[in-house]
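Undergrad: First, the structure itself, so that you have it in front of you.
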Amino acid sequence: MAEKKTYKPLDDLLKKTGMTFKAIADKSGMKDYTLYRLRQRPSKMDQKDIINIADATGIDERKISDITLFFARKVDKLQQNKAS
């Protein structure tokens, strides 16, 4: 089975808006590939990215922040431990 390249909880949150990822990127003022990279590694999102995505989608900033924080604490740490 192929490994998923993007982070499912963030993808699911964005999909609930009914918008395409391209539309979210455009409305957030970023390129498609930038949003794709942020979906791969949500911990790379800064506050400006979170605000832009929240404004574009109507998603509460805290929900996006919670996902990025969880990713940073759990997923990034697990990946670092595997590399060791």
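Undergrad: Pairs to check: 27/48; 31/63; 22/82. Give those whose C-alpha atoms are more than 25 Å from each other in this structure.
TA: 22/82
Undergrad: By its C-alpha gyration tensor, with a ≥ b ≥ c as the square roots of the eigenvalues, how is the stretch 25-68 shaped: rounded for a/c under 1.5, else prolate for a/b larger than b/c, else oblate?
TA: oblate
Undergrad: While we're on this one: Note the full-extension length gain between residue 8 and residue 70 as 0.36 nm times their separation in residues minus their Cα-Cα distance, in nm to one decimal.
TA: Length difference between fully extended and current span is 21.1 nm.
Undergrad: Go through the stretch 10-84 and name the trypsin sites (Lys or Arg not before Pro) that are in a DSSP coil and have 16 or fewer other Cβ atoms within 10 Å of their Cβ.
TA: 16, 31
Undergrad: Leaving ligands and nucleic acids out of the surface, order 19, 45 by accessible area at 1.4 Å, largest first.
TA: Largest to smallest exposure gives the sequence 19, 45.
Undergrad: Write down, largest first, the equivalent ellipsoid semi-axes of the chain in whole Å, where each equals the square root of 5 times an eigenvalue of the alpha-carbon gyration tensor.
TA: That gives 22, 14, 11 Å for the three semi-axes.
Undergrad: Dipole of the chain, Cα-centred, from +1 at each Lys and Arg C-beta and -1 at each Asp and Glu C-beta, to the nearest 20 debye?
TA: So the magnitude is around 340 debye.
The values are calculated or read from the model by the stated rules, or taken from the named source; none is laboratory data. Since this is a predicted model, take the numbers as computed values, not measurements. Glycine also receives a Cβ, built like all others from the backbone with ideal geometry; neighbour counts cover every protein chain displayed. When the accessible area is computed, the model is the full protein with side chains, heavy atoms only, and any ligands, DNA or RNA have been set aside. Shrake-Rupley method; radii C 1.70, N 1.55, O 1.52, S 1.80 Å.
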